[in-house]
Amino acid sequence: MARIKEKKIRQLKKSRVWITLIVFALVIFFTSVFMTGFSSAFLYYLLDMKMQGQYEAVMHTARLYDRAIISGDEDVEELLLSETDNATYFVRDNEGKILHENGENTCSEYGSELLPSRMRDPIRIYADTKQGFIYADEEGLTVDTQLLYQWLRTDPEVKRDIRKGEKPLELPVWLALNVNQGKEQFCYKAFFQVDIKDAILLLSAAGVLLFMVIVISILMISNVISSIVGQRRMSAIFFMDEVTGGHNWMWFLAKGEPFLKKRFNARRKYAILDLVFVKYRNYCVCHSIEKGEKALCLVEQMVRKKLDKKELCAHYASANFVLLLEYDEEEQLKKRIEGMLNELEQIDPVHKFSFHVGIDLLENVVDKKGNPVRRKTIDLEKEYNNACAARATLNDSDDSGIAFFNEKLVEEQRWLDQVQEKQQEALEREEFLVYYQPKYDPNTNLLRGAEALIRWHSPELGFVSPGQFIPIFEKNGFITKIDHYMLEHVAKDQKAWLDNGYACVPVSVNVSRAHFVESDLAEQIRDIVDAVGTPHEYIELELTESAFFDDKKALIATIMKLKEYGFSVSMDDFGSGYSSLNSLKDIPLDVLKLDAEFFRGDMKDKRGEIVVSEAIRLAKSLDMRTVAEGVEVKEQVDFLAKQGCDMIQGFFYDKPMPKEEFEKKVATVFI
Ligand code: C2E
Ligand code: MG
Ligand code: MG
């Protein structure tokens, strides 16, 4: 696939949704980190603030207890009770022995030390064994929210209290301080009180954060959705064919290549097709572009209906469609396409359409053992081009047809390329040679004329016969240069022979059908011959029979002018293709050349003889001379002599020969 197309498809496939998703994930991550950090910091701060009074009270009691111990005060118990306001507490020594206590001891075993703000001495925190919602970690006091939530949900009394909002919620925690020079520990059951205001504050903070997260999430999700929708829309536009509304070539490339490279496709056989609506442009000219495009839509829809899920179809351009079909056998594929074409031909109830199909069979890749392996590379553009090259071989026909791409086609294309590349240089280097094939009078066996036939002696391609390059030149227009070249060389040869006093005979030069589009062709021919100085009666011009089906008026005008200038004009290959009898009626030609096909085989067929003798008779009645081409055997010569044929040009007498050899023939007879 061409780099630019590949890049475009890659860019389109590149999902911008991923970027949004990554941003979204990052935002969610940082928000949750921030939320957790913020809520725990808020909680620490709240607990610290709310417990401040209780810290101070415990500290105060502990100091009084210390003082009472030092002063040997007996009534420690009373002091504690009054100072703690009859709250729950206990004092234990280092062995854990309880020295004083009030209320139920629900202090847990393990605690952590922390330094509350605005206090000099650290304090030890123990969770309550019954309601251990509050405990201490490295940062400070914290709440086991899960446990708390469970309690709030399950205890009906607490639920009721919360609903009423009259009594604050009391969460117990044990605060402990070392007393009596570190020999004892004073533990006090404190309560973290949460009233309705705290709950509202906490809930509003959580609500704000939740709201932020929801807003961010909505924004991000809508961004992701709009990205996906936008990308889908972009792809649809990029891959949509504007004429048929189906898929286009870019879609075919983007889908086809990765599909064919899939492992499960290694064994499967696939073919790329180029399907063309023949004479589409003509149809548009005769009807309208709109109707033409409608027809293309119908073609696309019908083809798509005929495809399997794993097969692809796209509109390439103009009247061309590209298809990827799976097949088992070549013959079965051909039959399937024939069936498809049959239906396509009848798409329009009024017009019978025709279609050309070029097929390129994709090769299966095999390993050293011959087992099919995954296609690692595939160039669909190249394969489609092959299909197009195969399809182009059908160009000469207007009927529906199918052509397979093969090695022969590659060779032909290579040959075509070589010929076209070398043609101009070959002309300049005079690699084209004039060969002469004599024409004889069958009654006297005397030389009466000759035809100039081109040969190409190429240093690189070798000796090339006209059949291999004339059709190419006719197609690419180079034939007009060749015709001028031949005419000039023949005129020069004739002039030289005449100057030498040889008994020259008229030499015919082939003029290609493609040449007749030039309105001044007769003048061009005259000027070339006059530039050399050869008398016009020594030059004859051969037109192939098929030329008579082109613009007849222009053809007649040119022929009339040529005759006026004194050149003879002949109809070459008479009887080879379409009947041109009608042309004989309108155009006063000098010579009728009977096509070699009349003389193939041994002419035992009576009907063949009748046609030839009648053709000669017809020519005579129209005051035309006759030349029989391709005569190889004596019986044919005798027959033609008897029928009054004027000249014979064939291997029976001579093959086309180089100039030097022909020169010897004209040199033997002096005027
Ligand atoms: P054409 O003009 O009909 O030439 C006659 C062809 O028949 C020549 O083939 C000639 O060699 C061949 N031929 C003659 N007698 C016999 C025979 O007894 N047996 C067989 N088997 N063949 C015979 P060639 O030279 O290969 O030329 C083929 C065609 O190429 C010509 O057919 C003509 O259409 C074209 N051509 C040749 N030279 C030129 C040229 O200079 N200009 C143009 N425009 N076309 C040319
Ligand atoms: Mg000829
Ligand atoms: Mg001929």
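A few points about this structure:
- Here's how it looks for Ala190: its modeled amide H is under 5 Å from those of Val173, Trp174, Leu175, which are all 5 or more places away or on a different chain.
- Percent of C-alpha pairs per 5 Å bin, region 5-76, short to long: 3, 12, 8, 9, 7, 8, 7, 7, 6, 6, 5, 4, 4, 3, 3, 3, 2, 2, 1, 0
- Put the Cα centre of region 256-284 next to the Cα centre of region 615-671 and the gap is 55 Å.
- Each stretch of four or more DSSP H residues adds -39500 (n - 2.57); spread over every residue of the chain, this sum gives -16000 deg cm²/dmol at 222 nm.
- Scalar couplings 3J(HN,Hα) for region 112-119, obtained by applying the Karplus form with A = 6.51, B = -1.76, C = 1.60 to θ = phi - 60°, are 10, 9, 8, 10, x, 5, 6, 10 Hz; x denotes Gly and Pro.
- Fewest-first ranking of Asp551, Asp623, using other Cβ atoms within 10 Å as the exposure measure: Asp623, Asp551
- Near Phe652, the amide H atoms lying under 5 Å from its own belong to Val631, Glu632; only residues 5 or more places off or on other chains count, and H is placed 1.01 Å from N.
- Candidate cross-link partners of Lys620 among the aspartates and glutamates, defined by an alpha-carbon separation under 14 Å and a same-chain spacing of 8 or more, comprise Asp590, Asp646.
- Region 51-194 - Rg over Rh from alpha carbon coordinates, Kirkwood radius: 1.00
- Counting every pair of alpha carbons in region 249-405, the share spaced more than 29 Å apart comes to 18 percent.
- 3J(HN,Hα) along region 59-68: 4, 4, 4, 4, 5, 4, 4, 4, 4, 4 Hz, from the Karplus curve 6.51 cos²θ - 1.76 cosθ + 1.60 with θ = phi - 60°, whole Hz, x for Gly and Pro.
- Three principal axis extents describe the C-alpha atoms of region 432-483; from largest down they are 42, 23, 15 Å.
- Centroid-to-centroid, using Cα positions, region 43-104 and region 351-409 are 98 Å apart.
- 21 Å Cα-Cα threshold exceeded, pairs from Lys279/Lys552; Lys269/Lys369; Lys255/Lys291; Lys262/Lys305; Lys261/Lys310; Lys439/Lys475: Lys279/Lys552; Lys255/Lys291; Lys262/Lys305; Lys439/Lys475
- For the chain: span of alpha carbons on each principal axis (Å, largest first): 172, 54, 51
- Sequence-ordered 3J(HN,Hα) estimates for region 554-560 from the Karplus curve with 6.51, -1.76 and 1.60 and θ = phi - 60° stand at 5, 5, 4, 4, 5, 4, 4 Hz, glycine and proline given as x.
- Within region 580-671, GluC sites (Glu not before Pro) in DSSP loop having at most 15 other beta-carbon neighbours inside 10 Å: Glu632
- Under 5 Å, built H, 5+ apart or other chain: amide partners of Glu540: Val507, Ser508, Val509
A short reminder: the numbers here are calculations on the coordinates, not readings from a lab. Keep in mind it's a predicted model, so treat the numbers as computed, not measured. Backbone-built Cβ (ideal geometry, glycine too); neighbour counts: all protein chains shown.
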